[in-house]
Structure formats: structure tokens, C-alpha cells
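Below: one structure, written as C-alpha cells.
The values are calculated or read from the model by the stated rules, or taken from the named source; none is laboratory data. Just so it is clear, the model here is predicted, and its values are computed rather than measured. Glycine also receives a Cβ, built like all others from the backbone with ideal geometry; neighbour counts cover every protein chain displayed.
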Amino acid sequence: MYKTIVEAVLAHGQEPGLAEKTAVGFKGVKISYAQLCSQMKIAAHKLHTQYGVDRGDIVMLTAMSKPEYVVMLLGAQYLGAVTVPLDKKSKEKNILDVYQFINPKLLLTDSKAVGAETVSLKRFYQEVLEAAENGAEPKIEYTLPRQEDVAEMLFTTGTTGTPKGAMLTYRTLYASTHNTWNGVGMQTSDVVLIPLPLNHSVGMRVLRTSLYVGATVVIQNGFTFAKELERNIVDFACTALVCVPASIDLIMRQMQEQFVGILGRLRYIEFGAGSLSYDMKKKLVSLLPQTTIFNTWGSTETGGAIFLNVSERPDKYMALGKPIAGVTLKVVDKDGQEVKARDIDTAGRMVLKGDMQMAGYYNLPEENAKTLVDGWLYTNDMVYTDDEGFVYMLGRADAIINVGGEKVSPIEVENIAQEFEQVRECGCIGVKDPDDTLGFVPVLYVVPEGSEFDGNALTKFLSTKMEAYKIPHRYIVIEELPRNRMQKLDYKMLRKMWEENGDEELMNPVIRAIYNRHSVRDFTDEQISRAKLEMIVKAGIYAPSGHNMQTWKFTVIQDADTIAHFREVVSEVAKEKGVYFYGFNNPVTLLLVSNDRRNDNCIQDSSCAAENIMLAAGSYGIGTVWLNALKTISDEPKVRELLNTYGIPKTHIVWSTIAMGYPAKEPKALAKKMGVVQWL
């Protein structure tokens, strides 16, 4: 078999039946294996002749989720250079920290990095494409590297302190690739969708494996919008998806009834960068009976090493999986002595050995001495195994909670709590016992499923599933769990939240109402009472108003015929004028917020009032959606005539039309962009 990914791509690029097959897909771009092979050679030639890159040199490059990253990565490794992928969202300081630590020959990036010698990745790739179009494929020989040579460095940190780069040799990558290949049964015919960062271990090993076996890899920039996921699965006829556990719930909520139809097309889904919860494993196997679900444990230092075919082993839902052939696992105590760990009381630290392990951390001898001992790679994960060799994860060694001498696994608490119908997701940490009798006690941060959460009901549920000492002493309701770049639960941030706020309920009713408001477009026929509507409209009247002018007007429509006529007129005019007007399904009530255009603050005042109204409606369990068409077409003759019949003055613009009613189904909770806040 091929010894490197480069050797595999070279072979695929000349093999009948594979050469013209799509190797890399991205939006409307499709690159065949023949094209990828040619572009790789051109990139290698340019790196060598223009920038002097040679065997053993270090090449840093921004891991864009685009074809240029794949081509540059292969081009550098064609020369035997060491590639160092960087997170495409890295801040300038982080880039410079790594740059100064490893002193690379070249930095390919379009990010700001003052003080570093950079080459535009985008421009470089454009030159590669131009050369390829001109048929200028250079003659450049590929020499197989030694298996012990370092091929790649993946940095596990770098946000603070000294960067920590795991050195992956060609032997490491070969073993990691074969582990993934055998672990999920990837086939040449597969079309694998990767919506993960390509500087991270999970995305990189799946990318390598796909190219190694001659499959098609489809690149996507994250999971934020399920629509893009759906489009890629359909357009590229994807057969496989690699995912992180935290993203699947978001995908479910965004796709709703389309989830099964879209993801059910896939042959398999692999989950990495964390373990699926017990509840989610059951749910996925039930919803997607024709799609094989895999859960993989791995790390930057090992690649994928432990695999679980969730679909085949429902009796092992609580397990992490079994080590793949070629990976040896043992459990050791705090003194490094191997132990027979069969439960939480005898659990110990997980230690691994195999060709898939890293050669060490770059230029960190003290870290290497602690992590690599006598050929074994020591993790900080606490585990035990069963008689079949399945591994059960309790959490990081420093996360295990000692409650009066009893060990509590946060993962176990989270898995069981997530079975409760009112819990969407949760995170468990240990905190000092306020009564100072048990040492530490568990607390649980909870993201509710919907707007209701009953802590007493959860305690009652947990008491039937676990020992009393494991039950959290406090539930803290939050809107969203803190997660890192790979969507892993950030326990450090949970502890920081506890240190800063203790058991203070951050999600008070007002905050919860704001966070839980989502657009609702499908309503039941149940009418809203006059008393509730009066309270809701009054919330609009209590909104802030510039200079307290209060020039707004609120028009409430509940008559079905009047609503139908409104829809007919506005839809007709909106279509004529090319104005977007959708989501107007079957509301039992319409509320028009208009304001005098002569008031300079009319838009701002109306927006504040509309938001108050929608939040107030949500507090009663009433769904709303904000429709914007009238702000553009209020003065169109047919619309103005209609507004006149409602008594809305000619000087008024209808800045917001709010459709409302009791939701016919759970609204979509779309992802929010969190990287828009700057703290100074």
C-alpha cells in the first residue's frame, strides 16, 4: 500500500476510473484527482524554486476550509517539508506565538501577522491555477520520506503561554489513516463531507483518509447553518459525514422534520472530538436505521484510536468503544502501575501504545518526559474497561468529583440527566461543599429543552437512575454551554462561571424570555384572549421613545377575513415590487407597529416597541414572527388604501408587521454568531 498521502494522490491521478473522479469538492468547485495531482506538483515546484522550501523545512499555513489549503498542504509534503496548519480564526498574537516558536521557512496566510514574513495563500493558489490552465506541469521528482521523519505538527494550544505542537511522523500518519479507514470502513466510492476545522486532528485524519483511499472529500465551513449541510449532501450525493457531538443537536433543531430525510441518505456518520451522550446515541440509531453511527475517541497525539459502532452494539451505548487493532491500551494508577479497572472505584489513567502516537511535542522535553514513558503515551483521561475490552470514560483526571470519599463521574451525571425530557444538554462540575462536610459536590449547568425547567422533577428522575451522592446539589439554568473551537464542552469556563457567580441564577425570567424567543411561522387555530393581547400591546407602549415623543401607533387585527384580505393585498404588491414577503402562514392575530416618518427616531422607537411586544408574547407561550415588507411598500397606492381603512395616518410608515399565535410546532433555534463582541 501507499506509504504517504502524496504517494496515494499521485497514483490516483493516473489510475483509470479515478483520475477524472472528484477528489475535492467545495461549493461549485470540483477538483478531480488528475487536477489535484497536477496542482500539487505545481505548488511544490513553486514552493521550492521561489521560496527555497526543501525537505525538513517548516511551512506554516492557514487551514482554510477551501481547496487551496488542501493543495498547499500536499505541495509542501511533496517536498518533504513539515506542514503546520493554523486555525483560520487564529488571532494575530497566536499566529506570531507559533511563528516565533518554530521559526518556519514560510508562512502562507492572508491573516494579519505583523513582524512575520508572509505569502498570500490566496494569491499563491491563484498562480497555481493559472499555471495549471496553461498546462505548465513541472517535472519534479517525488522521493518517499523516511517513516520516522516528521510530516506534520498540530498545535493543541497556543492561546496562552508556550505553544504545544504534536509532531506527527509519516509512520504516525500512515497508522492513523489506516485506523480511520478500518474503524469506519471508508470506501473508495464514498463522498465524505467534512464541516470541521482542518487544523484539528479529527478533520485532518478524515481528510487524509479520504484522499488515501480515493474517496471524494467535500469541504464545508462549519455547521452553523444546516441549509448548507443539506445542500452539500444533496448536490454532491454525500455518503458519509464526520461530525462533532455538540453539532448534531443543532442540526436536528434546524432541520426539524427534514432531518431524517437528509441525514438518512448517508451510509455512515462518524462522531469525533467528544463522545455522543447515551440519549443521543439511542435517538440517532432510532431515527436513522439505515445509517451506521460511529463514535470515535482520539486526540491530537494519537488520531482516532478507539472506535464504537453504535448501530451494532446498543448494549455498549455507555462505552467509549474498543481500541482498533494495532492500538494497545492499559489502565494505570497514580504511581503508573497497571491495574485491572472494572468500575469507577478501580478506574485509572488511560495509557496507549501504537504506531499512531506522536513522536513528541516540538521542543518541549519536559512535557515529553511526562507524556511519553517507555514507549507508552499517557493521557489524562480516567477510564475503566469491561471483559470484552470496551472502554468507559469517566472524564479528565482533574474533573472527577470526590464527594465524601465517593467518586463521581461528570460524564455519567451528564449522560443520565440528558435523558430527562426537559434537558437539552448539560455540563457537570464539582464545587466545594458549602456545608463543608463532603469536600466537593456536583452542580449541573442545564440548557432546558424549551422554556420550562423543573429542578425538583429532574432530581426525582435522577434519584431513580443513580446513587444519592451523585445527584447535583444545584441546577443552574443557562442558555448555552461554553464550548471550544471544536465544540467540546469547556469545563474550565464552567468553573470560571461558578467562581464568578456561584449559585446565582444567571438565567432569570427576563433573560430566559429573551434567549428563548424564536420566529414562529406556523400557528394553531386557538385565539389569543383580549386580556393577554392588551398586556402584550401595553409592553410596546412601555418601550423607550426618543425624546419621549411616542408618535407610534399599534393596530391589532384579529378578524380572519381582515387578515386574509391584508395578506392578499400585501402579497400582490410585494411581488410586483420584488419585496421579500414570506412566512405569513396562518396567524390568528396581526399587530402593525407604525410611526410618524417626521420623527427622526421613528425606526428606532418602532423597533424597540416591536421587540417588547414579541418578548411579552413569548412570556405567555405565544409565538411571533416579524415581517418587514410594509416598511418598503407602505406608500404604494393599494397598500396605503388598505392602511387608511385601518385608521393608520398617511404620515405613518408600518415599520413592523408582527404575526402571532400559539405555535403549532417547536420553533427553530438558529445558531447565533458569538464572535461579534469586542472587550476593551
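Quick rundown of the values:
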| quantity | calculated |
| --- | --- |
| Close pairs from region 111-132: first surrounded by 12 or more Cβ atoms within 10 Å (Cβ to Cβ), partner assigned to a loop (DSSP other than H, G, I, E, B) and of a type in the set (A, V, I, L, M), Cβ under 9 Å, at least 6 apart | Leu121/Met64; Lys122/Met64 |
| From Gly439, Gly455, Gly404, Gly427, residue being at positive phi, in contact with a Phe, Trp or Tyr (Cβ under 7 Å, 6 or more places away or on another chain) and small (Gly, Ala, Ser) | Gly404 |
| Search result, residues across region 1-50 that are buried (at least 23 other Cβ atoms within 10 Å of the Cβ) and assigned to a strand (DSSP E or B) | Ala23, Val24 |
| The lone exception for Ala610 - which of (1) in contact with a helix residue (DSSP H, G or I) (Cβ under 9 Å, 6 or more places away or on another chain); (2) more than 21 Å from Leu533 (Cα to Cα) it fails | (2) |
| Subset of region 1-31 [farther than 18 Å from Tyr78 by Cα and of a type outside the set (Val, Ile, Thr)] | Glu15, Pro16, Gly17, Leu18, Ala19, Glu20, Lys21, Gly25, Phe26, Lys27, Gly28, Lys30 |
| Residue in region 234-250 that is of a type outside the set (Gly, Ala, Ser), out of contact with any helix residue (DSSP H, G or I) (no Cβ under 9 Å at 6 or more places or on another chain) and in a helix (DSSP H, G or I) present | yes |
| Selection from region 613-658 of residues that are of a type in the set (Gly, Ala, Ser) and over 26 Å from Asn516 (Cα atoms) | Ser634, Gly647 |
| Glu270 of a type in the set (D, E, K, R) and over 25 Å from Asp87 (Cβ atoms) | no |
| Residue within region 64-74 that is over 18 Å from Ser210 (Cα atoms), among the aliphatic types (A, V, I, L, M), crowded, with 24+ Cβ neighbours inside 10 Å and in the same structural domain as Ile233 (by TED's automatic domain parsing) present | no |
| Some residue of region 172-181 being surrounded by fewer than 23 Cβ atoms within 10 Å (Cβ to Cβ), of a type in the set (S, T, N, Q) and out of contact with any helix residue (DSSP H, G or I) (no Cβ under 7 Å at 6 or more places or on another chain) | no |
| Residues within region 75-98 that are touching a residue at least 12 places away in the same chain (Cβ under 8 Å) and surrounded by fewer than 22 Cβ atoms within 10 Å (Cβ to Cβ), tallied | 7 |
| Residue within region 467-478 that is surrounded by 15 or more Cβ atoms within 10 Å (Cβ to Cβ), touching a Ser or Thr at 6+ places or on another chain (Cβ under 7 Å) and over 29 Å from Val242 (Cβ atoms) present | yes |
| Subset of region 342-366 [in contact with a Lys or Arg (Cβ under 9 Å, 6 or more places away or on another chain) and without any contact (Cβ under 8 Å) to a residue 60 or more places away in the chain] | Thr346, Gly348, Arg349, Met350, Val351, Leu352, Lys353 |
| Unique residue being surrounded by 15 or more Cβ atoms within 10 Å (Cβ to Cβ) and assigned to a helix (DSSP H, G or I) when the list is Ala543, Ala539, Ala531, Ala564 | Ala539 |
| Leading residue by the ranking (farthest from Phe420 (Cα to Cα)) among those in region 271-327 that are in a loop (DSSP other than H, G, I, E, B), within 19 Å of the chain's Cα centre (by Cα) and polar (S, T, N, Q) | Thr300 |
| Criterion violated by Gln290 - all others in (1) at pLDDT 95 or above; (2) over 18 Å from Val206 (Cα atoms); (3) polar (S, T, N, Q); (4) crowded, with 17+ Cβ neighbours inside 10 Å satisfied | (4) |
| Some residue of region 161-176 being more than 25 Å from Tyr2 (Cα to Cα) and without any contact (Cβ under 8 Å) to a residue 12 or more places away in the chain | yes |
| Restricting region 501-521 to residues that are in contact with a Leu (Cβ under 7 Å, 6 or more places away or on another chain) and either part of a helix (DSSP H, G or I) or modelled with pLDDT under 70 (or both), the residue that is surrounded by the most Cβ atoms within 10 Å (Cβ to Cβ) | Ala513 |
| Answer residue from region 344-361, given it is assigned to a loop (DSSP other than H, G, I, E, B) and at pLDDT 95 or above and is surrounded by the most Cβ atoms within 10 Å (Cβ to Cβ) among those | Met356 |
| Failed item in (1) hydrophobic (A, V, I, L, M, F, W, C); (2) modelled with pLDDT under 85; (3) crowded, with 19+ Cβ neighbours inside 10 Å; (4) not in a loop (DSSP other than H, G, I, E, B), with Met255 passing the rest | (3) |
| Hey, Ile293 in the same structural domain as Tyr378 (by TED's automatic domain parsing), among the hydrophobic types (A, V, I, L, M, F, W, C), within 29 Å of Ala226 (Cα to Cα) and in contact with a helix residue (DSSP H, G or I) (Cβ under 6 Å, 6 or more places away or on another chain) or not | yes |
